[in-house]
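Trainee: Take this structure first; my questions come after.
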């Protein structure tokens, strides 16, 4: 764990979030886990929403990093890989994934969170634009297309994590459902 007290609080919050879920992430609990006084979090964060925003920002940073190192394939294949990595991230980090998209819990105006969440979408948009330049869905506006594909991936992940999709999809294999989704979007 870092020596920086602010980062220690964030790391403690991530650990509690991962093991127990977002409801367990309270300022008092995080102070205890970080080994600081119960008032220490308020010296670094305006409140719980700002602390959770910092935690969510770390999730967006990880998501950005997962899509930054894509194989040197065709633009459409790179987009497919990024889509799979998005779903893999969500399934491997369910509590973080949920928190990242909970404006009722996080301070969405927090600058680092806004910067990273925008960077992740812009990175995804760039992949969509490159795939379009390679011949996929030419003539369709890139931003709405990227937003629609992102929403489909997000919905698939969220429904799968909540258990609402395996029975509806008649499959316990999320990869099969993802393949159908991607085929719908990415077929020539």
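Trainee: Based only on other Cβ atoms within 10 Å, what is the fewest-to-most ordering of 185, 86?
Mentor: 185, 86
Trainee: Compute the Cα gyration tensor for the stretch 75-121, then decide on rounded, prolate or oblate, letting a ≥ b ≥ c be the square roots of its eigenvalues: rounded whenever a/c is under 1.5, prolate when a/b is larger than b/c in the other cases, and oblate in all that remain.
Mentor: oblate
Trainee: Next question. When the Cα centres of the stretch 1-52 and the stretch 122-162 are compared, how far apart do they sit, in Å?
Mentor: What the calculation gives is 34 Å, centre to centre.
Trainee: Which one is right for this structure if Rg and Dmax of the Cα atoms in Å is calculated from it: [x] 15.5, 44; [y] 34.2, 104; [z] 18.3, 58?
Mentor: Computed from these coordinates, Rg and Dmax of the Cα atoms in Å corresponds to label [z].
Trainee: Separate question: Out of 34, 157, 82, any idea which swings most in a Gaussian network model of the chain, alpha carbons joined below 10 Å?
Mentor: Among 34, 157, 82, the largest GNM mean-square fluctuation belongs to 34.
Trainee: In which sequence would 124, 101 go, from the one with the fewest C-beta neighbours within 10 Å to the one with the most?
Mentor: Listed from fewest to most nearby Cβ atoms, that is 101, 124.
Trainee: To continue, here is another question. Could you state the angle between the C-alpha long axis of helix 111-133 and the longest principal axis of the C-alpha atoms of the chain, as a value from 0 to 90 degrees rounded to the nearest 10?
Mentor: 10
Trainee: Return one number: the angle in degrees, 0 to 90 and rounded to the nearest 10, between the long axis of the Cα atoms of helix 5-20 and the longest principal axis of the Cα atoms of the chain.
Mentor: Roughly 60 degrees, rounded to the nearest 10.
Trainee: Which angle from 0 to 90°, rounded to the nearest 10, does the C-alpha axis of helix 174-186 make with the longest principal axis of the chain?
Mentor: 50
Trainee: So what's the back-of-envelope 222 nm ellipticity for the chain, counting only DSSP H runs of four-plus at -39500 (n - 2.57) apiece and dividing by all residues, rounded to 500?
Mentor: Result for the chain: -22500 deg cm²/dmol, rounded to the nearest 500.
Trainee: If I model a spin label as a point 7 Å beyond the Cα along the Cα-Cβ vector, how far apart are those points for residue 109 and residue 176 in nm?
Mentor: With each label placed 7 Å out from Cα toward Cβ, I get 4.8 nm.
Every number here is computed from the coordinates shown, using simple stated rules; none is lab data. Just so we're clear, the structure is a prediction, and the values are computed from it rather than from any experiment. All Cβ positions, even for glycine, are placed from backbone atoms using ideal geometry, and neighbour counts span all protein chains on display.
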